[in-house]
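Colleague: Can you read through this structure? Questions will come right after.
The values are calculated or read from the model by the stated rules, or taken from the named source; none is laboratory data. Predicted model only: the values in this text are computed from it and were never measured. In this analysis, Cβ positions are derived from the backbone assuming ideal geometry, glycine residues included, and neighbour counts consider all displayed protein chains. Side chains are part of the model used for accessible areas, which takes the heavy atoms of the whole protein and leaves out ligands, DNA and RNA. Shrake-Rupley method; radii C 1.70, N 1.55, O 1.52, S 1.80 Å.
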Amino acid sequence: MSPLPTTALIAPQVTVNGLQLSQLDLGRLSGMKISSGLRLPARAVLRFADEGYLLSAGETYKLANAVRITMADGTLLFGGEITGVDLRLERGGPELIVTADDLAYKLALGSRVRTFTQQTFSEVVTTIAQEAGLSADIASTSTRHDYLLQTGSDLAFVTELADRVGYDWYVNDRTLVFKPPPTAATGPTLTFGKELSEFSLRASGLHPGAVTVNGWSQVQKQSVQGTATTASGLPTPAMLAPYLRVGSAANQKMVGAAESPATVDEGQQLAERLLQAWAAGAVTATGVCYVEPTLRPGVSVTVQDAGPASGSYPVTEVEHSYSVRGFETRFTAGDRSPTSLADSLGRNGSSNFRHSGMVVGVVTDVGSKSDANLVVKVKFPTLGDGIESHFARVVALGAGSRRGMTFLPEINDEVLIGFENGDIRRPVVLGGLYNGKDLATEYGVANRQVDKRRITSRLGHFIELADGSAPADQAVNIILAGEKHLLHLGKDAINVTAPAGVPISLKAGSAEISISDAGDIVIKGKSVKIDAQTDVQTHGLNVKTKADVGFEVEGTSTTLKAKAQAEISSGGVVMVKGAMVKIN
């Protein structure tokens, strides 16, 4: 094994707030470790012997001071800010441990509840980078999403967006990088026995070799599917091929629907991401070399003279260590998901795309101008003021093509919200809720029995199904607000009631029975027949009977009687006939 090169024994260049460390500070630097990984802030830990507390009592290592660590030639190893200090008093003397994180740590400070509409994932990440004061080096994503909801830290949200499209992200100096994994070697070449002092490789065939993701399109009313059989950017050594290729007994097809794609493109993207993640996690390679500043997460390292393990490997974690032993670099190529991060910077366990239970919502908008579905928008009071959902479909009894009960809740109504397959982008209104302010007008409960059921409108109109014990309480009632307009269909009676001035009309073709607003009654028809089993009486102030053609009065006994004057006249002949005619 070759001896350590001169560069490995040279202390790194450290500057704090733009000033290089003094010779005193450098002389007290006993060790340094720089750790970085995909989808995590990089961290530098510097250890100083602090006899006399000169360092801990000074101003150099204060919170938020900028820290840069470079090689002697200026190649950057780390850039960030001081986020913590640890003063340890032990028998060997005081030790000051300074912790600095790259600017990605700002993405983890606090949480947000907000929405993004009609944006791509890359546009959302660009916005987040700008808010954190970072430049953006971002590969565009094509799918424009109607609605995205963030309910955690920016770090967790960016990580989840990267996870859904199979991207890597990390901060390089002051730039947030958000891109797919590299598909070719982009990093250094290390030769075992020279620069590379240690190397190990572990592979497993226990992973699916093909993935199918199923979903549902609300717009097209049909299933959508994405399938992936080939992963890219994987290690290239020949000995790994049997463990990564599709078709072996261990590598069977995986089918799932938990990701809830809404389009074929989204399903395909999710399938490729899942296959990529499982394939990448099937191989873990680790190595140790002399300090190599170009080794960083997101590049691909080429390993030579390692027998069948020679080839390229995508780097996921890097650690630069400086101590009295020298300056060396450890790297890992393996699972692209974050594996560790100290303090409060860890990834939030919840998902911005998933919600396992139901929530209360308050309706903020009704209907969509471009959507014929039964939809509303709601806000989520428990998430914060102003957080509004995408359009939520409303459960409807008997819903189908041009049928069903269309009962939309109104603005400011409290409703119960569920999420299709747990996807928070797909809210569904399950029903309305009464509360301490919005009360039901009629519960219909008497003696612990439900004897009335009602459908009541906003103005107070209602349809009532009465199931009481008395005949008068067994009915179907249609009543307008104010209860002056009534249709009562009951076992006791059938009544139609309207207040004065309200006309009533019953029509069947040209036939009509109408009651005018003045109280006049008109009966019209092709023929009108009144047939009584006993008596028929007609009474009025003036009674007129007129026939355009013929008029006939017939009876066993017929009487025409006037209390005052009576007159019979004709424009033609008047005939009076009878077995006996008596004129008095």
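Colleague: Take the conditions within 11 Å of Pro427 (Cβ to Cβ), in contact with a strand residue (DSSP E or B) (Cβ under 8 Å, 6 or more places away or on another chain), modelled with pLDDT of 85 or more and open to solvent by less than 70 Å² (accessible area, probe 1.4 Å) and apply them to Ala396. Does it pass?
Modeller: Values: within 11 Å of Pro427 (Cβ to Cβ): no; in contact with a strand residue (DSSP E or B) (Cβ under 8 Å, 6 or more places away or on another chain): yes; modelled with pLDDT of 85 or more: yes; open to solvent by less than 70 Å² (accessible area, probe 1.4 Å): yes.
Considered against the rule, which asks whether it is within 11 Å of Pro427 (Cβ to Cβ), in contact with a strand residue (DSSP E or B) (Cβ under 8 Å, 6 or more places away or on another chain), modelled with pLDDT of 85 or more and open to solvent by less than 70 Å² (accessible area, probe 1.4 Å), Ala396 comes out as no.
Colleague: Need the failing condition index for Asp413 against (1) open to solvent by 40 Å² or more (accessible area, probe 1.4 Å); (2) acidic (Asp, Glu); (3) farther than 22 Å from Ile455 by Cα, just the number.
Modeller: (3)
Colleague: Under the condition of being open to solvent by 80 Å² or more (accessible area, probe 1.4 Å) and under 29 Å from Gly334 (Cα atoms), which residue from the stretch 217-237 is nearest to the chain's Cα centre (by Cα)?
Modeller: Filtering the stretch 217-237 down to residues open to solvent by 80 Å² or more (accessible area, probe 1.4 Å) leaves 219-223, 225, 230, 236.
Subset that is under 29 Å from Gly334 (Cα atoms): 225, 230, 236.
Working: Gln225: 20, Thr230: 29, Thr236: 38 Å.
Checking each candidate, the answer is Gln225.
Colleague: Could you check, for the stretch 445-455, whether at least one of its residues is under 25 Å from Phe407 (Cβ atoms), in a loop (DSSP other than H, G, I, E, B), within 52 Å of the chain's Cα centre (by Cα) and touching a residue at least 12 places away in the same chain (Cβ under 8 Å)? Spell out the reasoning first.
Modeller: The first filter runs over the stretch 445-455 and keeps only residues under 25 Å from Phe407 (Cβ atoms), leaving 445, 450-455.
When the remaining residues are screened for being in a loop (DSSP other than H, G, I, E, B), the result is 451.
From the residues that got through so far, the ones that are within 52 Å of the chain's Cα centre (by Cα) too are 451.
When the remaining residues are screened for being touching a residue at least 12 places away in the same chain (Cβ under 8 Å), the result is 451.
Yes, some residue in the stretch 445-455 is under 25 Å from Phe407 (Cβ atoms), in a loop (DSSP other than H, G, I, E, B), within 52 Å of the chain's Cα centre (by Cα) and touching a residue at least 12 places away in the same chain (Cβ under 8 Å).
Colleague: With the condition kept exactly as written, say whether any residue in the stretch 207-216 is small (Gly, Ala, Ser) and surrounded by fewer than 16 Cβ atoms within 10 Å (Cβ to Cβ).
Modeller: No, every residue in the stretch 207-216 fails to be small (Gly, Ala, Ser) and surrounded by fewer than 16 Cβ atoms within 10 Å (Cβ to Cβ).
Colleague: I've got another one for you. Answer yes if at least one residue in the stretch 555-569 is within 29 Å of Leu487 (Cβ to Cβ), part of a loop (DSSP other than H, G, I, E, B) and either open to solvent by less than 100 Å² (accessible area, probe 1.4 Å) or not aliphatic (A, V, I, L, M) (or both), and no otherwise. So that I can check it myself, show each step before the final result.
Modeller: As a first pass, look at the stretch 555-569 and keep what is within 29 Å of Leu487 (Cβ to Cβ): none.
No, because not a single residue in the stretch 555-569 is within 29 Å of Leu487 (Cβ to Cβ), part of a loop (DSSP other than H, G, I, E, B) and either open to solvent by less than 100 Å² (accessible area, probe 1.4 Å) or not aliphatic (A, V, I, L, M) (or both).
Colleague: Among the residues of the stretch 129-158, write down those that are surrounded by fewer than 21 Cβ atoms within 10 Å (Cβ to Cβ) and assigned to a helix (DSSP H, G or I).
Modeller: The answer is Gln130, Glu131.
Colleague: Specify which of the listed residues (Lys62, Lys33, Lys106) is closer than 24 Å to Thr286 by Cα and open to solvent by 50 Å² or more (accessible area, probe 1.4 Å).
Modeller: Values: Lys62 fails: closer than 24 Å to Thr286 by Cα; Lys106 fails: closer than 24 Å to Thr286 by Cα.
It is Lys33.
Colleague: Which pairs do you get when a residue that is open to solvent by less than 70 Å² (accessible area, probe 1.4 Å), found in the stretch 1-29, comes within reach of a residue that is at pLDDT below 85, reach meaning Cβ atoms under 9 angstrom, with the pair 6+ apart or on two chains?
Modeller: So the pair list comes out as Leu26/Ala11; Leu29/Ala11.
Colleague: On to the next question. Is it true that some residue in the stretch 462-476 is β-branched (Val, Ile, Thr) and assigned to a loop (DSSP other than H, G, I, E, B)?
Modeller: no
Colleague: List the pairs whose first member sits in the stretch 516-528 and is on the phi < 0 side of the Ramachandran plot, whose second member is open to solvent by less than 100 Å² (accessible area, probe 1.4 Å) and of a type in the set (D, E, K, R), and whose Cβ atoms are under 6 Å apart, counting only residues at least 6 apart or on separate chains?
Modeller: Lys524/Glu512
Colleague: Of all residues in the stretch 25-44, which are touching an Asp or Glu at 6+ places or on another chain (Cβ under 9 Å) and under 24 Å from Lys106 (Cα atoms)? Step through it out loud before you land on a result.
Modeller: Kept after step one, since they are touching an Asp or Glu at 6+ places or on another chain (Cβ under 9 Å), are these residues of the stretch 25-44: 28, 30, 33-44.
Across the stretch 25-44, the qualifying residues are Lys33, Ile34, Ser35, Ser36, Gly37, Leu38, Arg39, Leu40, Pro41, Ala42, Arg43, Ala44.
Colleague: Please name all residue pairs, on different chains or six or more residues apart, with Cβ atoms under 6 Å, provided the first residue is in the stretch 499-512 and is on the phi > 0 side of the Ramachandran plot and the second residue is at pLDDT below 90.
Modeller: Close Cβ pairs satisfying both conditions: Gly501/Asp517.
Colleague: What residue, among those in the stretch 78-102 that are at pLDDT below 95 and not in a strand (DSSP E or B), is least open to solvent (accessible area, probe 1.4 Å)?
Modeller: Ranking the qualifying residues of the stretch 78-102, first place goes to Gly92.
Colleague: Any residue at all in the stretch 504-518 that's over 52 Å from the mean Cα position of the chain (by Cα), modelled with pLDDT of 90 or more and under 21 Å from Arg453 (Cβ atoms)?
Modeller: Checking the stretch 504-518: not a single residue is over 52 Å from the mean Cα position of the chain (by Cα), modelled with pLDDT of 90 or more and under 21 Å from Arg453 (Cβ atoms).
Colleague: For the stretch 159-177, which positions are in contact with a Leu (Cβ under 8 Å, 6 or more places away or on another chain) and touching a residue at least 60 places away in the same chain (Cβ under 8 Å)? Please lay out each step first, then the result.
Modeller: Within the stretch 159-177, the first condition is being in contact with a Leu (Cβ under 8 Å, 6 or more places away or on another chain), and the residues that meet it are 164, 167-171, 173-176.
The answer is Arg164, Asp168, Trp169, Tyr170, Val171, Asp173, Arg174, Leu176.
Colleague: What do you reckon, is Ser197 part of a loop (DSSP other than H, G, I, E, B) and modelled with pLDDT of 95 or more? Steps first, please.
Modeller: Details: part of a loop (DSSP other than H, G, I, E, B): no; modelled with pLDDT of 95 or more: yes.
Against the criterion (part of a loop (DSSP other than H, G, I, E, B) and modelled with pLDDT of 95 or more), Ser197 does not qualify.
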